[in-house]
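Down below is the structure, laid out as structure tokens.
The values are calculated or read from the model by the stated rules, or taken from the named source; none is laboratory data. What you see is a predicted model; the values in this text were computed from it and never measured. In this analysis, Cβ positions are derived from the backbone assuming ideal geometry, glycine residues included, and neighbour counts consider all displayed protein chains.
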Amino acid sequence: MEIRGYYPHIHAREPFGPIMVLYAAGRTSTYPDEPPASGFRFHYLGGGDEVGNVGIVMEDPSGTRLLLDYGIAPTSPPRYPSEAPLVHDAVITHSHIDHLGMAPWLCAHHRTRLHGTIITAQLSDMMWRDTYKVSSIERYPLAWDKRDIDTAVDSWYVHDFGIPWKHHDWDLTLHPAGHIPGAAMLHIKTPTTTVLLTGDFDTRDSPLVSGAQPVQADILFVEGTYGGRDHPPKEEEIDRFIQAVTDVVRRGGTVLIPAFANGRTQDVVMLLHRHLPNLNVHVDGMGKRVAKTHMEHGSLLRDSNALERAWRWAKQVSSKSDRKKALSADVIVTTSGMLNGGPALWYLNRLRHDVKNSIFFTGYQARDTGGRSLLEEGAIDIYGQRVHIDLEIQQFSFSTHAGHQEILDFAKACQAKHVVVYHTDPTHARPPLVEALTAQGHTVHEPKNGESYIIDD
């Protein structure tokens with residue numbers, strides 16, 4: 001299925017505030033003016049030698065050009081990829097801001113068509129508006145304004161998994177990536193080669209989605225977030241988490257779980273419902289709206305009934321009085337996942353005075369975030385004040401990125417001659433992954449942002 005303009009309505013254009021200045025990602029694009037003479041060219045605008053901030057331009061000698069993702073790094077203030085050249089079409093792998101955060105700029109400046117799954121399209125509006133809201137609160141400029149969101153929302157072409165479509169003389173097909181609902185890998189058949197770009201992916205099943213399956217490709221672009229690291233066995237980590245929650249509740253405390261709205265909130269609520277159905281669990285933040293979108297597309301979930309049951313079971317916080325009631329809950333699951341704002345800070349500010357309470361992180365805590373500060377320094381900025389937190393803090397590995405061995409097994413199963421490792425830390429994660437992939441017989445490429453590369457065999 002392909003749906004042109006998933007959002008057919010025309011949005012009213014609202015004026016933007018004085019702090020929301022137009023800020024171009026770059027003054028000129030560094031991308032080459034002419035197509036490659038031969039082979040398959042790729043160029044990282046961002047995400048080549050860093051985690052997040054992804055933007056990949058691909059082109060062949062015919063001049064067929066495509067952009068994969070165009071995100072921002074959700075730091076404060078955010079980091080932008082380099083300015084994109086003129087691209088008429090972009091495939092967005094999934095609805096996390098480090099993969100689609102710059103799409104409003106792209107659509108407004110280049111009138112680019114966006115391609116992705118229906119869940120990605122539906123959630124994009126929510127993610128962009130939340131980014132705009134945060135920028136307004138924290139008073140940093142964005143590369144786009146609120147009016148550009150309207151343009152981007154009306155630029156979607158929606159595709160089903162496994163159904164190819166034509167992009168000039170390329171055949172494009174989306175395959176499930178196993179990262180979050182709607183997350184896609186992109187398979188490209190050109191007249192001379194086959195390419196698979198994973199986006200963020202995981203070959204292991206999560207409560208929400210089934211793991212990614214390999215697809216044969218000559219060239220594999222693989223995210224290496226967890227290069228050099230293997231995840232603990234999933235069931236063992238779940239058992240550790242469930243026992244830790246039980247311990248806190250038994251001593252009369254409340255567990256605060258800051259969780260990413262898109263994917264992690266739903267996973268955690270489903271785990272709690274499955275293993276601890278007698279607990280009093282409250283859910284707050286944007287994850288509630290995301291779950292509603294997930295449930296509207298049950299065919300893209302591993303077990304839609306399990307999500308619906310868990311969501312009916314958990315108490316939804318929808319008012320100030322609900323939020324006060326949640327303070328006496330056994331568990332509170334809420335955004336933001338890195339304690340960079342949202343209801344999580346409100347709850348932390350009130351729960352921090354009772355040492356029976358605990359904070360459980362279930363996802364990565366990026367540099368310069370409240371969560372990282374709390375883990376490393378035991379302190380966090382709350383509403384402008386530096387506050388020391390005396391509560392028990394634990395971290396659990398519920399990542400939905402493939403670990404080191406999963407990446408190796410996947411590359412081998414794809415039978416890829418060439419492997420391009422991106423979306424990875426170039427100092428710690430990429431070197432051991434490159435070494436292992438090379439030993440496995442692949443020709444490995446280590447892209448840097450702003451440089452063009454050609455694979456010609």
* Structure fact -> When every residue in region 164-175 that is out of contact with any strand residue (DSSP E or B) (no Cβ under 7 Å at 6 or more places or on another chain) and touching a residue at least 24 places away in the same chain (Cβ under 8 Å) is compared, the one farthest from I455 (Cα to Cα) is H168
* **Qualifying residues in region 179-202 (those that are among the hydroxyl-bearing types (S, T, Y) and surrounded by fewer than 24 Cβ atoms within 10 Å (Cβ to Cβ)) - the one nearest to Q213 (Cα to Cα)** => T194
* strands (runs of 3 or more DSSP E) contained entirely in region 45-91, each with at least 2 residues that are at pLDDT 95 or above and surrounded by fewer than 20 Cβ atoms within 10 Å (Cβ to Cβ) -> none
* Among the residues of region 138-145, is there at least one that is within 29 Å of E235 (Cα to Cα), among the hydrophobic types (A, V, I, L, M, F, W, C), touching a Ser or Thr at 6+ places or on another chain (Cβ under 6 Å) and not assigned by TED's automatic domain parsing to the domain that holds H273? -> no
* How many of the residues in region 52-110 are aliphatic (A, V, I, L, M), under 21 Å from L142 (Cβ atoms) and out of contact with any helix residue (DSSP H, G or I) (no Cβ under 9 Å at 6 or more places or on another chain)? -> 1
* To do: Check region 180-202 and report whether any residue there is of a type in the set (D, E), out of contact with any strand residue (DSSP E or B) (no Cβ under 7 Å at 6 or more places or on another chain), closer than 22 Å to H99 by Cβ and in the same structural domain as A413 (by TED's automatic domain parsing).
  => yes
* Asked: Residue check, A366 against (1) surrounded by fewer than 19 Cβ atoms within 10 Å (Cβ to Cβ); (2) at pLDDT below 95; (3) over 30 Å from T193 (Cα atoms); (4) out of contact with any Pro (no Cβ under 8 Å at 6 or more places or on another chain), all met but one. Which one?
  -> (4)
* Selection count, region 206-232, where residues are more than 20 Å from the chain's Cα centre (by Cα) and either closer than 19 Å to K189 by Cβ or at pLDDT 95 or above (or both) -> 7
